[in-house]
Amino acid sequence: MSAPRHILDAGQFSPAWLHEELFPRADLMREIHALGDSRLLVGRRLFCLFYQPSTRTRISFESAMTLLGGTVSGIEVGAEERRQADEPIEDRVRVLCSYGYDALLIRFHEEGGAARAATASTVPVINAGDGEGQHPTQALLDAYTIRRELGRLDDFEIALVGDLTYERSVNSLAELLAKLPNVRLRFVSPATLRLRPAVRERLTDAGADFEELDDLDAVAASADVLYITRAHSDRMTLAQRFEPVRRSYVVDAEVLGRLKPTAIVLHPLPRGPELAMGLEADPRVAPFRQAENGLYVRMALLTLLLQPGGEPRANS
Ligand code: CP
């Protein structure tokens, strides 16, 4: 049996694989979905093991699998259950593999959970978010959305805004975009919620063009993409108390007014007060198109993972 092909972090995707394999296939999945459904994954079974709640990641994967003719089961392991002596994730994975699932979609409450699961799995493990670590399939749908909205996935400035210490979507997206030509990464947060050192180190090693700033105003007029993240409000409020100048990390009508007419605003969702309600009436505000793209990207990913020869290639 060949080794399972796990999806654990965004560092494993190459630009060539994105452009030649994933994105064209996601475009095809959009068409397939518009026409009805498909039988590409008939007889294949996905198990969803979730230690944290999810709407988009879980439901888009479940929809993707069933729209392709496969089947899905799953469980949620709640916080209460985790507090009691829960069984090791490795044991749970061994048992699931023995029941004949073809892939495991796992969201874990601590960084490294999916990698631990992968060590015990005989089938592909897909990281659906691991604590403050990575959210690789979110990065794939974000990159697909940027390419679709801007018409390119190179030569643009992206401002990633908010609580950047704890945001796994930013870690994954930054790492993925760092591999693409002339992408200028601007990280905007209070000083106490900057990128984690390990992420900064990976960006430096990759030769990324990046800057860390504390002011959204400094980038609003030049950004091609404004990627707003969830303000985990308690942490954000506390961090802002230590700011010498009161600054805002909220996108509202005033900030929209300063953006380029061609800029887009993305958010992995769910949103909080950092993205004012009602702004989605502006066509540049694209989080719901972004979330829909998640369905097509995950359909594409499942067919690539569960059909021979389609796995992500090493960096190129
Ligand atoms: N963006 C995202 O991961 O959303 P969920 O938590 O709903 O899966």
Considering each of Glu111, Glu90 in turn, give the residue that is acidic (Asp, Glu), within 21 Å of the chain's Cα centre (by Cα) and either within 16 Å of the ligand (Cβ to nearest atom) or modelled with pLDDT of 95 or more (or both).
Glu111
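I'm trying to understand the selection: among the residues of the stretch 157-182, which are under 22 Å from Leu301 (Cα atoms) and assigned to a loop (DSSP other than H, G, I, E, B)?
Our first condition is that a residue be under 22 Å from Leu301 (Cα atoms); within the stretch 157-182, this holds for 168-180.
Selection gives Ala178, Lys179, Leu180.
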With the structure loaded, tell me whether Ile75 is outside the structural domain of Leu28 (by TED's automatic domain parsing) and of a type in the set (A, V, I, L, M) or whether it fails that test.
no
Go through Gly133, Gly113, Gly129 for me and flag whichever is in contact (Cβ under 8 Å) with a residue 60 or more places away in the chain, closer than 23 Å to Pro268 by Cβ and touching a His at 6+ places or on another chain (Cβ under 6 Å).
Gly129
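Select from the stretch 206-239 the residues that are assigned to a helix (DSSP H, G or I) and buried (at least 18 other Cβ atoms within 10 Å of the Cβ) and write down the one among them that is farthest from the chain's Cα centre (by Cα). First the steps, then the outcome.
Quick first cut of the stretch 206-239, residues assigned to a helix (DSSP H, G or I) only: 217-220, 233-239.
With buried (at least 18 other Cβ atoms within 10 Å of the Cβ) added as a condition, the list becomes 219-220, 236, 239.
Values: Val219: 23, Ala220: 23, Met236: 21, Ala239: 24 Å.
So, considering only residues that are assigned to a helix (DSSP H, G or I) and buried (at least 18 other Cβ atoms within 10 Å of the Cβ), the one farthest from the chain's Cα centre (by Cα) is Ala239.
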Are any residues in the stretch 24-78 within 15 Å of the ligand (Cβ to nearest atom), farther than 19 Å from Val297 by Cβ, open to solvent by 40 Å² or more (accessible area, probe 1.4 Å) and touching a residue at least 24 places away in the same chain (Cβ under 8 Å), and if so, which ones?
Gln52, Glu76
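When you check Ala276 against the structure, is it away from the ligand (no atom under 16 Å from the Cβ), within 22 Å of the chain's Cα centre (by Cα) and not assigned by TED's automatic domain parsing to the domain that holds Ala231, yes or no?
Numbers: away from the ligand (no atom under 16 Å from the Cβ): yes; within 22 Å of the chain's Cα centre (by Cα): yes; not assigned by TED's automatic domain parsing to the domain that holds Ala231: no.
No: the conditions fail for Ala276.
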Which helices (runs of 4 or more DSSP H) does the stretch 53-156 wholly contain that include 3 or more residues that are closer than 30 Å to Asp224 by Cβ?
56-67, 136-150
Considering residues of the stretch 82-117 that are among the hydrophobic types (A, V, I, L, M, F, W, C), in contact with a helix residue (DSSP H, G or I) (Cβ under 8 Å, 6 or more places away or on another chain) and more than 16 Å from Gln52 (Cα to Cα) only, the residue surrounded by the fewest Cβ atoms within 10 Å (Cβ to Cβ)
Cys97
Only one of Leu185, Leu203 is within 19 Å of the chain's Cα centre (by Cα), surrounded by 15 or more Cβ atoms within 10 Å (Cβ to Cβ) and outside any strand (DSSP E or B). Can you tell me which?
Leu203
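In the set Arg107, Arg92, Arg147, which member is more than 21 Å from Ser60 (Cα to Cα) and of a type in the set (D, E, K, R)?
Details: Arg107 fails: more than 21 Å from Ser60 (Cα to Cα); Arg147 fails: more than 21 Å from Ser60 (Cα to Cα).
The unique qualifying residue is Arg92.
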Does Ala178 count as within 21 Å of Ile7 (Cα to Cα), surrounded by fewer than 24 Cβ atoms within 10 Å (Cβ to Cβ), touching a helix residue (DSSP H, G or I) at 6+ places or on another chain (Cβ under 6 Å) and among the aliphatic types (A, V, I, L, M)?
yes
When residues of the stretch 130-175 are limited to those that are at positive phi and within 16 Å of the ligand (Cβ to nearest atom), the one nearest to the chain's Cα centre (by Cα)
Gly131
For residues that are surrounded by fewer than 16 Cβ atoms within 10 Å (Cβ to Cβ) and among the β-branched types (Val, Ile, Thr), scanning just the stretch 244-271, find the one that is nearest to Asp217 (Cα to Cα).
Val245
Count of residues meeting criterion [within 14 Å of the ligand (Cβ to nearest atom) and either open to solvent by 20 Å² or more (accessible area, probe 1.4 Å) or more than 25 Å from Val42 (Cα to Cα) (or both)] in the stretch 118-129
1
Could you list, ordered by first residue, the pairs with Cβ atoms under 7 Å in which the first is in the stretch 272-288 and open to solvent by 40 Å² or more (accessible area, probe 1.4 Å) and the second is among the acidic types (Asp, Glu), at least 6 apart or interchain?
Phe288/Glu280
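The values are calculated or read from the model by the stated rules, or taken from the named source; none is laboratory data. Keep in mind that this is a model prediction, so the values were computed, not measured. Cβ coordinates were reconstructed from backbone atoms using ideal geometry, including for glycine residues, and neighbour counts include every protein chain displayed. All accessible areas refer to the heavy atoms of the entire protein, side chains included, with ligands and DNA or RNA removed. Shrake-Rupley method; radii C 1.70, N 1.55, O 1.52, S 1.80 Å.
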